[in-house]
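I have placed the structure first, in the form of structure tokens, so that the comments after it can refer back to it.
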Amino acid sequence: MICREQDGALVMMKQHDHGLLAGEFAKWFKEEHTPAEGRRAEVLWAVSHHDRGWIDLDETPFWNDAEGQPYSFIDFPVVPKLTFYRRGIDEIEAQTPYGALLCSSHFERLIEVSGEECPELTQYLEDEAERRARIHRRLEEEKPLQEGELYYDARLLQFCDDLSLFLALNEPGSKESEKHPWFVDGFSGSEEFSFTSGRAIQAKWQDSRTLTLSPFPFTQDIEVSFKQRRVSLKAVQDKGIARAYHEAPEQECKIRVISGPEEDSRARA
């Protein structure tokens, strides 16, 4: 579950819904899938489904007493989290081995960034390294990877994942001073895309329905929609998180993503 607090309520978004939103961004990404265009459908499916391991867990949120809020993907206990990571990647591999290779590498990066350590985590990393090696061998026999292919696709997944998280963790139309700290300096790694000229992509709200991006990463301005629930903190106190969550109506949020003023001035020049 992705969660933020806003005006006496918890704004909650399911991980898989976040993943589907990331997949929508990937469809419109400006840079052509290179060098192996033949794997594009697999990449788009993997980006959309990279968090499918959370589907069952997110049906009922769990309360974290220590933090005074629901468990999120950040603080969820390591051992069950790894179990569902593995399950999700298993399901992805059944659909697309290359997608499993991509998502396994993605989760390894997230684990490295988190700095968590425990025997179960060490075993998970060893198992996933073995999975990736097995998939590499299979692909070498069937459809070898081209130079830079996995690296590019990993950057695509990382950016679309981060942009989707941005929409979940920031109130639409909020001030720059209220931006979630993860995104203050732009989207990490986005400066590696060739069209950015070494600049990190920056996001800024134009209004409560419109987000601007500079440099602009898509082939055109797009509109996306995603589902959230606003769960009253009073309802949580009175009924508990599970009941309060299920009784809160699901809301659809629509956001236009357009090029920023800087991008427009460059285009006119």
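The values are calculated or read from the model by the stated rules, or taken from the named source; none is laboratory data. On a predicted model such as this, the values are computed, not experimentally measured, just so you know. Methodologically, a virtual Cβ is constructed for each residue, glycine included, from the backbone with ideal geometry; neighbour enumeration extends over all protein chains shown. Each accessible area value is taken on the protein alone, full model and side chains, heavy atoms only, with ligands, DNA and RNA left out. Shrake-Rupley method; radii C 1.70, N 1.55, O 1.52, S 1.80 Å.
Observations on the model:
- Residues in the range 181-211 that are open to solvent by 40 Å² or more (accessible area, probe 1.4 Å) and touching a residue at least 60 places away in the same chain (Cβ under 8 Å) were compared, and the one that is farthest from K30 (Cα to Cα) is S194.
- Only one entry of C3, C103, C118 meets the criterion of being within 30 Å of E178 (Cβ to Cβ), hydrophobic (A, V, I, L, M, F, W, C) and either touching a strand residue (DSSP E or B) at 6+ places or on another chain (Cβ under 6 Å) or without any contact (Cβ under 8 Å) to a residue 60 or more places away in the chain (or both), and that entry is C3.
- Test for A26: is it part of a helix (DSSP H, G or I), within 30 Å of P215 (Cα to Cα) and free of Cβ contacts under 8 Å to residues at least 12 places away in the same chain: no
- Restricted to the range 125-173, and to residues there that are outside any helix (DSSP H, G or I) and under 20 Å from A22 (Cβ atoms), the residue that is nearest to the chain's Cα centre (by Cα) is N170.
- Test: residue in the range 75-90 that is open to solvent by 30 Å² or more (accessible area, probe 1.4 Å), closer than 16 Å to I241 by Cβ and touching a residue at least 24 places away in the same chain (Cβ under 8 Å): no
- Any hit, the range 35-55, residues being under 19 Å from the mean Cα position of the chain (by Cα), open to solvent by 10 Å² or more (accessible area, probe 1.4 Å) and in contact (Cβ under 8 Å) with a residue 60 or more places away in the chain: no
- Residues considered: A154, A133. Of these, the only one that is buried (at least 16 other Cβ atoms within 10 Å of the Cβ) and at negative phi is A154.
- Taking the numbered list (1) closer than 30 Å to L10 by Cβ; (2) surrounded by 13 or more Cβ atoms within 10 Å (Cβ to Cβ); (3) free of Cβ contacts under 8 Å to residues at least 12 places away in the same chain; (4) not small (G, A, S) in turn, V236 passes all entries but (3).
- The sole residue among T122, T212 that is outside any helix (DSSP H, G or I) and β-branched (V, I, T) is T212.
- Members of the range 154-187 that are touching a Ser or Thr at 6+ places or on another chain (Cβ under 9 Å) and of a type in the set (D, E): D162, E171
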